[in-house]
Amino acid sequence: MKTLIRSLIMAIAVVLPSMAMAEIAVIVHPSNGAALDKDAIQRIFLGKTRAFPGGGEAVPISFKEGSPEEEEFTKNVLAKTPKQLKAYWAKMVFTGKGTPPRQTDSLQEMLNLISANPNLIGFAPAGAVTGSVKVVGKF
């Protein structure tokens, strides 16, 4: 009986974290017609390009460091750990090659900013996205 209980606990411990991970939607202003794949999104959020593939200015915005949304985006889209991303931006800032994305405090602020500015690109939990923004990728 104890073995069965331990097995169930172990199974739950493995399944629950994967269920908790929310799908992240990368979002832009509804008028933005740019086609963005994962590589283009990574390049924008890592400061390697400052333009959408169609030519318009691309300004990335993120959630505060340490937020669940930021951690999911960093892991699933940028393919980095939060620690790796922090080190990356420290190096970029120190060498004068870039500055990290502006940070927002809330989901509502993220949605408001992007719905008001065609140059911004951000992300949000897929289930929280409203019609005021356009989803260009889900990860």
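Quick look at the values:
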{"item": "Per-region count, region 60-72, residues basic (Lys, Arg) and in a strand (DSSP E or B)", "result": "0"}
{"item": "Counted residues, region 22-34 - those being surrounded by fewer than 16 Cβ atoms within 10 Å (Cβ to Cβ) and touching a residue at least 60 places away in the same chain (Cβ under 8 Å)", "result": "4"}
{"item": "Residues being at pLDDT 95 or above, farther than 22 Å from Ala34 by Cα, out of contact with any Leu (no Cβ under 7 Å at 6 or more places or on another chain) and not in a helix (DSSP H, G or I) - total across region 101-127", "result": "2"}
{"item": "Scope region 73-100; condition of a type outside the set (Phe, Trp, Tyr), in contact (Cβ under 8 Å) with a residue 12 or more places away in the chain and either under 19 Å from Ala40 (Cβ atoms) or not in a helix (DSSP H, G or I) (or both); matching residues", "result": "Asn76, Val77, Leu78, Ala79, Met92, Lys97, Gly98, Thr99, Pro100"}
{"item": "One residue from Gly56, Gly66, Gly47 being on the phi > 0 side of the Ramachandran plot and surrounded by 13 or more Cβ atoms within 10 Å (Cβ to Cβ)", "result": "Gly47"}
{"item": "Subset of region 128-139 that is of a type in the set (Val, Ile, Thr) and not in a strand (DSSP E or B) - its residue that is surrounded by the most Cβ atoms within 10 Å (Cβ to Cβ)", "result": "Val133"}
{"item": "Scope region 89-100; condition closer than 26 Å to Ala34 by Cα and either among the charged types (D, E, K, R) or exposed (fewer than 11 other Cβ atoms within 10 Å of the Cβ) (or both); matching residues", "result": "Lys97, Thr99"}
{"item": "Evaluation of Ser31 against (1) of a type in the set (S, T, N, Q); (2) in a helix (DSSP H, G or I); (3) over 18 Å from the mean Cα position of the chain (by Cα); (4) at pLDDT 90 or above (one fails), failing number", "result": "(2)"}
{"item": "Residue among Lys48, Lys86, Lys75 that is closer than 23 Å to Gly33 by Cβ, at pLDDT 95 or above and either of a type outside the set (Val, Ile, Thr) or touching an Asp or Glu at 6+ places or on another chain (Cβ under 9 Å) (or both)", "result": "Lys48"}
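Yes/no per residue for (1) under 20 Å from Gly137 (Cα atoms); (2) among the β-branched types (Val, Ile, Thr); (3) within 13 Å of the chain's Cα centre (by Cα):
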site	(1), (2), (3)
Gln42	yes, no, yes
Phe45	yes, no, yes
Ala51	yes, no, no
Gly56	yes, no, no
Ser62	yes, no, yes
Val77	yes, yes, yes
Pro82	no, no, yes
Trp89	no, no, no
Pro101	yes, no, yes
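The values are calculated or read from the model by the stated rules, or taken from the named source; none is laboratory data. These numbers were taken from a predicted model, which means no experiment stands behind them. With ideal geometry, Cβ positions are generated from the backbone for all residues, glycine too; neighbour counts draw on all protein chains shown.
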